[in-house]
Amino acid sequence: MLIIEWIKWLYEKIIFEWFFERGAETTWLAPKYPNGVGGAWGLLHILVIVFCAATIVGLFFIYKFSKNKEKAKKIILISLASTIALFEILIRFLYLMKRYYFANPNYNYMDVFWIMMPKPWCAISCWLAIACPIVNKKFFYNLTCISGLICTFIYFLYPGVGYNYIIFNDFYSLATHAVLLITSISLITLKFTEFKYKHIWKVAIGFVLIYAYSFIEIFVFKFPHHGDPLYFMPNGDIQGIIKGIIPSFGYAHYLILYIFFVLTFINSFYLFSLIKKKNKTNK
């Protein structure tokens, strides 16, 4: 009995508090809490971006100077995907433990289902990255790359979590976004992707399926948290940020901007690839 009580104490006082207890919100330039670690665009934020850039360059040189380039880039991709998978599985295990250990009368199977489903967009992109070595198709690499870069671009521009407390929730957010950024760019630098307009329809179908999945989460399952996994619903986080700067910025304005941004972002990869190809042909 003493051992059981000691394990309970260890879980409650050390593991649970480190993993879940404290909040992790940020303001634009500094955390709301006095014992934060810099907030958005603080030292930790900048160091993580520098780390990502250095890692991307390092992985490229490993690939470039490898005797067997195909084998090298596959090992790199599997390593990155496995790292993301480790964090995605671990966070779900810990949340399941939390739900089980602190079960309440309202606990039901939907709680478990909510934990297991990937959300928001960043988590969806993480699972696309995890599937990359298995699917092993150019269109899937393209889809993962674009989807991952949309998420990480927004996150590193204005992170909503991860720069206040060094607890697992924050560390998970930092780590997964950092590795997702590294993976997404490495898919380009290691020549997994191939952006050709004649194949863009495959990526378009992929995004349609992602949005269909999002609509199911919002309107069918009606999850209480992350009710806007792709950030297009009214009064969402990103709209709130813009509205804080421009008070008259309504949902119609946001939706137009959102659609324009997503379509332009996707098209930019194919347009840049086409321009690059034409420049090579003209030389």
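The values are calculated or read from the model by the stated rules, or taken from the named source; none is laboratory data. These numbers come from a predicted model, not from an experiment. Reconstructed Cβ throughout: ideal geometry from the backbone, glycine too, with neighbour counts over all protein chains shown. Just the protein is used for accessible areas: all its heavy atoms, side chains included, with ligands, DNA and RNA removed. Shrake-Rupley method; radii C 1.70, N 1.55, O 1.52, S 1.80 Å.
So for segment 214-222 (the condition being assigned to a helix (DSSP H, G or I), closer than 30 Å to residue 64 by Cβ and in contact with a Leu (Cβ under 6 Å, 6 or more places away or on another chain)), does at least one residue qualify?
no
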Subject >> Complete set of residues in segment 201-219 that are aliphatic (A, V, I, L, M) and open to solvent by 100 Å² or more (accessible area, probe 1.4 Å) >> reply: 209
